[in-house]
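All remarks here apply to the structure that follows.
The values are calculated or read from the model by the stated rules, or taken from the named source; none is laboratory data. Note that the coordinates shown come from a computational prediction; the quantities given were computed from them, not determined experimentally. Every residue, glycine among them, receives a Cβ derived from its backbone with ideal geometry; neighbour counts consider all protein chains shown.
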Amino acid sequence: MKLPHPASLTTRLGLLFALIATLTFAGVGTYLYQSLTSQLESHDDLELIGKIALIRHFLLETSSVKEIQDDPHRFLDVAAVHDGLIIILKSADGNILMQNHSDHGALSTLPVAAANQTPGKASLGRWTLNPGLSARTVSAWGVLGNTHEQVQIIVARTDSDRMALLRAHRNKVFAAVFFGALLAALSGYIVVRQGLRPIRAIAKQAQSITAQRLEMRLDVTAAPKELQMLVLAFNDMLDRLHRSFQRLSQFSADLAHDLRTPINNLMVQTQVALSQPRSIEDYQSLLASNEEEYERLARMVENMLFLARADHANFVLNKQRLDPYNELQHIADYFEGIAEDAQVQLAVDARGSLEADPILFRRAVNNLVANAIRYTPKGGVVRLATQPMQEGMAITVTNPGIGITPKHIPLIFDRFYRGDDARSDSASSTGLGLAIVQSIMMLHGGRAEVESAPDAMTTFRLVFPSSS
């Protein structure tokens, strides 16, 4: 099943800009809408209180209740300029003296401000009209000029005109939110696409890098500051890949070289033996020679299999607490016969303890001792010792001899690497011994080091980290 393609970063950022713009416009619009609502209500309240004051003034100029009933025009003119304004005048006993809107339904009970008191917020209330409309209402007592008789004044203003204004404002807010979000999404898409051009340029450079062009590197100076670390990391990865490919190519060439020699020997010797009849002794000599080549091939294959297993992440170590003196003495005893044949002495000077896999420990030291005996001149001494270090314990194998030139030291632990001086002894060496030592130390979390110079002492050091 084909998985859907995820949205591009440009699209995601454009939509994110649209979301931010929507929330921003909606928040600002809501705030402005609420602010306008509050301001309109305050304006209506002040206007209602102003109408109360005006009607009180008209009442002072009125001589009697009957005059209000006979000539209500002065009071009706107060509401003439406002379609939604309702004015009701009632006598002290509750009879309606004048009203400009008869179909207003039952009047709610309202608090009435005293005649000598300016109506405040406590005198304001809401009145639900018959059509379902709501009105802002204020009520207060007024006094007639001649009789000082009290008249209740009720002034109300319906919400219809105010709601129409708010509705228009709300529609404009919705339109602003919609078009603002659309504009932000489009602008964000364009800006982000323009801003991501360096990334596309880097991606185009990366696409041009192949296994045959690993020497190419991305241009750090063309990348934005925020991406320079990523480009540098990518270039470092390319450096490691390039070195790995070079080592792999060299490994393949060295492997072919080292396999070709014993196979050619086997093939040539067999062809010579079959070219004419031979004696039983000749065939036995041929088989003995072939056996040596087969053993060499077997050692090479075994070493390569070990290196392949050591490179695997699931390789399990069986670490134990070891006594270096006993281990090194056991190795010296094992090489005693070989050392005598080479007229070389072995000396052990060790103390302390370390934690390591005993089998791998012996294999690593065995490889170092075998190399040391091979390159130690007659009468020389190979010394096996311990060296306490800050990070743990080191095992050193030191021998005199021709030494190692500086140009070979950085490559001495590479697979199939042999210095030129050692090539003459390639029949007894596969070039994998020191690579195995390096792999064993990496498995232990330690390291392998070498110190040498031409015609000087050579010291190989295996540093095992402490267990704490």
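Kindly provide the set of residues from the range 133-190 that are over 21 Å from residue 35 (Cβ atoms), in the same structural domain as residue 87 (by TED's automatic domain parsing) and among the aliphatic types (A, V, I, L, M), ordered by number.
Listed by number, the residues that qualify are 133, 135, 138, 140, 143, 144, 151, 153, 154, 155, 156.
Among the listed residues 368, 360, 354, identify the single one that is assigned by TED's automatic domain parsing to the domain that holds residue 433 and at pLDDT below 90. First the steps, then the outcome.
Working: 368 fails: at pLDDT below 90; 354 fails: at pLDDT below 90.
Testing whether each residue is assigned by TED's automatic domain parsing to the domain that holds residue 433 and at pLDDT below 90 leaves just 360.
Being touching a helix residue (DSSP H, G or I) at 6+ places or on another chain (Cβ under 7 Å), more than 19 Å from residue 448 (Cα to Cα) and surrounded by fewer than 20 Cβ atoms within 10 Å (Cβ to Cβ) is the filter here; which residues of the range 340-367 pass it?
Listed by number, the residues that qualify are 342, 345, 348, 351, 352.
Going by the conditions given, is residue 347 of a type in the set (A, V, I, L, M) and without any contact (Cβ under 8 Å) to a residue 60 or more places away in the chain?
In short, yes.
Tell me, which residue of the range 45-72 that is without any contact (Cβ under 8 Å) to a residue 12 or more places away in the chain and farther than 15 Å from residue 153 by Cα is surrounded by the most Cβ atoms within 10 Å (Cβ to Cβ)? Break it down stepwise before answering.
Kept after step one, since they are without any contact (Cβ under 8 Å) to a residue 12 or more places away in the chain, are these residues of the range 45-72: 46, 50, 57, 66-67, 70-71.
From what's left, farther than 15 Å from residue 153 by Cα: 46, 66-67, 70-71.
On the way: 46: 10, 66: 10, 67: 15, 70: 8, 71: 12.
The extreme case among them is 67.
If you take just the helices (runs of 4 or more DSSP H) that sit entirely in the range 9-122, which of them hold at least 1 residues that are in contact with a helix residue (DSSP H, G or I) (Cβ under 6 Å, 6 or more places away or on another chain) and polar (S, T, N, Q)?
9-60
Residues 327, 340, 355: which one is part of a helix (DSSP H, G or I) and within 24 Å of residue 447 (Cβ to Cβ)?
327
Of these, 243, 299, 260, which one is among the basic types (Lys, Arg), under 30 Å from residue 209 (Cα atoms) and modelled with pLDDT under 80?
The unique qualifying residue is 243.
Can you go through 400, 410, 377 and tell me which one is loosely packed, with under 14 Cβ neighbours inside 10 Å, at pLDDT 90 or above and either more than 41 Å from the chain's Cα centre (by Cα) or at negative phi (or both)?
Testing whether each residue is loosely packed, with under 14 Cβ neighbours inside 10 Å, at pLDDT 90 or above and either more than 41 Å from the chain's Cα centre (by Cα) or at negative phi (or both) leaves just 377.
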